[in-house]
1. Over the chain, what is the mean sequence separation of C-alpha contacts under 8 Å (at least six apart), divided by residue count, expressed as relative contact order in percent?
2. In the chain, which helices (entire DSSP H runs) extend 15 Å or more along their own long axis, judged by Cα positions, while averaging at least -1.0 on the Kyte-Doolittle scale?
3. Taking other Cβ within 10 Å of each residue's Cβ, how do 89, 142 sort, fewest first?
4. Counting other beta carbons within 10 Å of each residue's own, what order do 126, 45, 100 fall into, fewest first?
5. Once you charge only the Cβ atoms, +1 for Lys and Arg and -1 for Asp and Glu, what is the size of the charge dipole of the range 72-175 about its Cα centre, to the nearest 20 debye?
6. Would you please state the base-10 log of I(q)/I(0) at q = 0.09, 0.18 1/Å for the chain, with intensities from the Debye formula using one equal scatterer on every alpha carbon?
7. For a footprinting-style exposure proxy, rank 158, 94 by other Cβ within 10 Å, fewest first.
8. Once you list every other residue whose beta carbon is under 12 Å from the beta carbon of residue 114, what net charge do they have if Lys and Arg are +1 and Asp and Glu are -1?
Amino acid sequence: MLKIIDCRQGKCIWCLETTEVVQAEFQDGLSGLLCKKHFWQALKVRCDAKPKHVAEEVRRVPALNAHITRDAENWRLFVPSEEYEATVRRGVSRDGDAAVLSLTPEVTQDLLAAVRGEVSSLDTNVPLVLVVEDASLRPFIRSLLVLEFPHLQIVARREVQGLAALPVPTATITI
Ligand SMILES: [Zn+2]
């Protein structure tokens with residue numbers, strides 16, 4: 001789940017506070033400096049994550065499965081702008097099979113603020129789904145957003161393309 005690379009003074013990518021930070025690399029791809037509080041939060045959301053998220057369900061069943069299609073009608077859909085995805089893409093570095101997302105604290109905050117602006121006032125009982133165009137970025141966007149938005153499902157466009165009842169996006173997430 002996790003690799004701790006270093007523990008030192010630095011700037012937390014979440015709260016931008018300069019304090020004692022842990023340089024962590026989570027198995028789902030996020031890498032960065034986190035203060036104690038945000039390190040534990042990041043760890044906690046990953047431990048608490050319910051295995052049966054909408055996204056995981058979609059991945060396991062054929063796209064036209066009636067149950068999923070019915071559910072999709074109720075989704076509140078969001079799409080990231082091209083620039084949003086491009087910014088995440090620039091933060092991904094690959095080394096053989098391994099890939100990590102590491103962003104500066106400022107970029108991290110911009111990416112979070114963009115989502116916050118659209119989803120934070122919404123009812124979390126309604127499935128909130130972010131549809132990412134570039135499927136290879138999906139795990140990184142999820143690892144970035146899960147701490148603050150554990151209810152937001154992240155799916156790749158190709159995973160939901162066949163769904164007949166897919167609603168039109170509520171908003172585009174722009175930075
Ligand atoms: Zn912090």
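Throughout, read-outs are computed from the coordinates displayed, never taken from laboratory work. Note that the coordinates shown come from a computational prediction; the quantities given were computed from them, not determined experimentally. Here the Cβ positions follow ideal geometry from the backbone for every residue, glycine too, while neighbour counts run over all protein chains shown.
1. Numbers: 287 pairs, mean separation 49.4, N = 175.
The value is 28 percent.
2. Values: long enough: 36-48 (18 Å, -0.94); 105-119 (21 Å, 0.17).
Correct list, ordered by number: 36-48, 105-119.
3. Working: 89 13, 142 22.
Placing the least packed residue first, the sequence is 89, 142.
4. Numbers: 126 11, 45 15, 100 19.
By the 10 Å Cβ count, ascending: 126, 45, 100.
5. On the way: 9 positive and 14 negative charges, 30 e Å.
Roughly 140 debye for the range 72-175.
6. The Debye formula, applied to the Cα set alone, gives -0.31, -1.19.
7. On the way: 158 14, 94 9.
In increasing order of surrounding Cβ atoms, one gets 94, 158.
8. Values: positive: 116; negative: 83, 85, 110, 118, 148.
Once positives and negatives cancel, what remains is -4.
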